[in-house]
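The structure appears right after this line, and notes come after that.
The values are calculated or read from the model by the stated rules, or taken from the named source; none is laboratory data. Worth saying up front: this structure is predicted, and the values here are computed from it rather than measured. As a convention, Cβ positions derive from the backbone with ideal geometry for all residues, glycine included, and neighbour counts pool all protein chains shown.
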C-alpha cells in the first residue's frame, strides 16, 4: 500500500513543481511577515482559497525562488484514499529524494485540503520545527472547517481570510483596473464606477459566478449553500433537526442587515409546528458563522449582558446570496449596500458592531480598526430626501456623544454630486470610493 501511495505522491510532486501557476485574478490579501508560523488561508467554500495559494506560489517564483522548492499538494485525490498521518512523512522524504541538491532556500509546501488526513496537525507542527520548511494551509470539509485549521495549530498558524471578490478585485477581474485616486475622478469616470458598483452588488464576488446570467448564477449559489449545509453543518455536527436549520438559513439570508432574535425566531418556528430549542438555534447560528456563510453583529456595548440580550444584525458572506433567498420581489439594494460595507470592514479586520443610542437612534456600524481609530458609519442608498438626510445625521450625532473619538461617515450608493450640505465633521462618500480609497493594509 505504501509503495502505491509513494508513487502517487512522487507523481504529484513532480507535476506540482513542473507546472506553471494558473493565471487568476489577483487578490489583495496580505501575508504576515512572521517567521516560524504556517499561513492558514480561511474562508467560505468557493471564495478563492486555492487560487490564493497559487497566487502566493506565483509571487515567490517571480521573486526568484527555485520552482522545485515551491510545492503545491492537493490532498483531495481519490488515489490518496486511505492515506494516514503516519504516511505524511513520505511528502518531504520523497521530495528530498527527487531534489537532493543542497540549497539555502527553504522548501515551501502549499497543503490544500490537508484536513482529509486525520491527525495532520502533528505532522505539520513537526515540519515547522524542522529547519528549512515553510507551510501554507487551506481547506474546508465536513471533517474540519477551514477556520479550525488555524486553531488546530495551537498558535503555530496565522489566519489569512479570503472573502469573495472585493469591489477592487471585481474591477480587476472584469478588466477595469481600480483608479489610482478614487477621490479625484472626472464626472464621467465616477458615473462609470457608479454603474460598475451597482453590478457588483447584484452579481456579488464569488469568482465562478462572474459572467453568469441571473438564473444560472442563483442555481450556482444555491448549490454552494446546499453543499455547505450538508458537509459543514449537518454531517459534521450530526444535525438531526434539518428542517429548523433550513428555516433559519432562509430567514437570515432573505432579510440581511435586519435585527434577529433567537427567542423570537424559536417562537415563530413553534407557531409553524416546528419544534426547536433556543439552545439548538444558538448552536446552528454558531455553525453557520464557523462555515463563513454569515456573520452576526452585536450591539456596541461594554456590557456583556446587554450584548447577549439584545438582538443581532446578520449579514451573508456575499451580496449575491440575498436574491437567492429573498423571493419577495422587493428591491434589496439598501440591504446589499449595507452588506457590502460590512464585508469590507471584515476585510480590514475591523471589530464591527451596531449602535443603539440612549436617545433611541441606530447607527449601522461602529468600526474599531486595528490602529485604534474608530468610525461611525451610516449606510444609505440615497440622500435625495431631506427627511432621510436629517434622520441619518441625527443618528450620527446621537452616537457621537457616546463615541466622541469616532469619525462620522455616511456611505451612499452613487456619487450624486453635489451632495447636500451636512454639518461637520460628518463626511458623505459613495461607498465605492470608501472601499477603493482606503490605504493599503499594512503587513501584520
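Can you tell which of 268, 232, 318 is part of a helix (DSSP H, G or I) and within 28 Å of residue 363 (Cα to Cα)? Give the derivation first.
Values: 232 fails: within 28 Å of residue 363 (Cα to Cα); 318 fails: part of a helix (DSSP H, G or I).
Matching residue, one of 268, 232, 318: 268.
For the range 249-263, which residues satisfy the criterion of being in contact (Cβ under 8 Å) with a residue 24 or more places away in the chain, assigned to a helix (DSSP H, G or I) and out of contact with any strand residue (DSSP E or B) (no Cβ under 6 Å at 6 or more places or on another chain)?
249, 250, 254
Identify, please: which residue in the range 90-113 is under 19 Å from residue 138 (Cα atoms) and without any contact (Cβ under 8 Å) to a residue 40 or more places away in the chain and is, among those, surrounded by the most Cβ atoms within 10 Å (Cβ to Cβ)?
My answer is 111.
Looking at 52, 73, 111, which is the one that is part of a helix (DSSP H, G or I) and closer than 27 Å to residue 290 by Cβ?
Going through 52, 73, 111 in turn, just one is part of a helix (DSSP H, G or I) and closer than 27 Å to residue 290 by Cβ: 52.
Mind checking which residues of the range 349-381 are assigned to a loop (DSSP other than H, G, I, E, B) and closer than 15 Å to residue 315 by Cβ?
350
Does residue 40 satisfy being touching a residue at least 40 places away in the same chain (Cβ under 8 Å), outside any helix (DSSP H, G or I) and surrounded by 15 or more Cβ atoms within 10 Å (Cβ to Cβ)?
Here the answer is yes, as residue 40 does meet what is asked.
Please verify whether residue 257 is in the same structural domain as residue 336 (by TED's automatic domain parsing), crowded, with 22+ Cβ neighbours inside 10 Å, closer than 24 Å to residue 351 by Cα and at pLDDT below 95, treating the condition exactly as stated.
yes
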